[in-house]
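Have a look at the structure below, then the notes.
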Ligand SMILES: Cc1ncc(COP(=O)(O)O)c(C=O)c1O
């Protein structure tokens, strides 16, 4: 079923018109708000198909929706954090087999990325990051006057692990996005472990942030969370987001796993926000429902295969993606493609320097949205 306003309302059993806009806020993220101010729109305002922010078009799973409804009660009048965030922390710690002190939750993982750059980088401690990759740590590092070493992705659009490891000597932090946004590429658990061990040998004080926002979307069994490495190395920590496979971008929930001293350096450096009771309840319901995430992974893969096949059929190169977005070599500026699509009411991703002259990122919406979008792509690229 297409995710029209009415369709979504029927799916979740909401009839009242007044609840409709909140369902979109929950289901769709605001990545564009941070990087393209002024561009944010509700998904079907003016009939625009918005596939620009790696949002999850299907929104939260049924159990998360149920938890939200169940939490809308007089109970919501009580309980400042940590009352309800404690339960979420305990749940996450149980799942990863770590202590509660090894978990910190925030209003989205973006807050953790910003806080980490603030905590560990400085004018004398550079950030090492990829180009292109997710830019929050990079932006914060620049804001506080820390040098930024941008390591271009390799020919297959994967992170250039060796070059990043070399650049890490003496750095404050490495931002290692796995899978990577926007390229959609991923590195196996053993490749990540080799990277971590190499950096820890040569530069043990350098922090390594492994961002796993999209890891739920991969089917590759060799790809695994780096959470176990956080127990061995105090300098290593991971971040996860509820905004992608969990479909809860508007509820703003993310978390980090690492050693207590590392996490407390982040929470001291930056305010991670104050999570509300509804978000915590939905996050607990969603993370304890792996069946839903498996369904979500399959549905995303079905839509991804369809969309990649369409671009390849048109003769364009698209690397295999392990995320809910694809990065296509269109051989023309992203801005041109974006403007042409927008004229046809399809909004695709922003520029990703240094590849903005050739590559565009397309996020995956619902199958119906992608079928409509592909008709537009065929037209504007013909
Ligand atoms: C790689 C990556 N990390 C982190 C985030 C931030 O997600 P959130 O703050 O919604 O958890 C995003 C959002 O698009 C992302 O792409």
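The values are calculated or read from the model by the stated rules, or taken from the named source; none is laboratory data. Keep in mind the model is a prediction, meaning the values are calculated, not measured. All Cβ positions, glycine included, derive from the backbone under ideal geometry; neighbour counts span all protein chains shown.
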- [ ] Look at residue 102 and say whether it is surrounded by 19 or more Cβ atoms within 10 Å (Cβ to Cβ) and within 16 Å of the ligand (Cβ to nearest atom).
- [x] no
TODO: Kindly indicate whether residue 274 is in contact with a strand residue (DSSP E or B) (Cβ under 6 Å, 6 or more places away or on another chain) and not assigned by TED's automatic domain parsing to the domain that holds residue 367.
DONE: no
Open item on the list: Criterion first (farther than 19 Å from residue 157 by Cα, surrounded by 22 or more Cβ atoms within 10 Å (Cβ to Cβ) and in contact (Cβ under 8 Å) with a residue 60 or more places away in the chain) does residue 301 satisfy it?
Closed with: no
Open item on the list: Among the residues that make up segment 256-278, is at least one of them within 16 Å of the ligand (Cβ to nearest atom), under 14 Å from the mean Cα position of the chain (by Cα), surrounded by 24 or more Cβ atoms within 10 Å (Cβ to Cβ) and within 27 Å of residue 293 (Cβ to Cβ)?
Closed with: yes
Open item on the list: Any residue at all in segment 88-96 that's in contact with a strand residue (DSSP E or B) (Cβ under 8 Å, 6 or more places away or on another chain), within 16 Å of the ligand (Cβ to nearest atom) and within 23 Å of residue 353 (Cα to Cα)?
Closed with: no
- [ ] Tell me, please, whether a residue that is within 23 Å of residue 192 (Cα to Cα) and without any contact (Cβ under 8 Å) to a residue 12 or more places away in the chain can be found in segment 132-148.
- [x] no
Open item on the list: Can you tell me which of (1) crowded, with 19+ Cβ neighbours inside 10 Å; (2) touching a residue at least 24 places away in the same chain (Cβ under 8 Å); (3) more than 23 Å from residue 52 (Cα to Cα) is the one residue 123 doesn't meet?
Closed with: (1)
Open item on the list: Suppose we filter 87, 94 for residues that are free of Cβ contacts under 8 Å to residues at least 24 places away in the same chain and either buried (at least 22 other Cβ atoms within 10 Å of the Cβ) or farther than 22 Å from residue 235 by Cβ (or both); which single one remains?
Closed with: 94
TODO: Among the residues of segment 105-119, write down those that are surrounded by fewer than 24 Cβ atoms within 10 Å (Cβ to Cβ) and away from the ligand (no atom under 12 Å from the Cβ).
DONE: 118, 119
TODO: Give, as residue ranges, the strands (runs of 3 or more DSSP E) completely inside segment 120-229 that count at least 2 residues that are more than 13 Å from the ligand (Cβ to nearest atom) and under 28 Å from residue 99 (Cβ atoms).
DONE: 173-177, 207-211
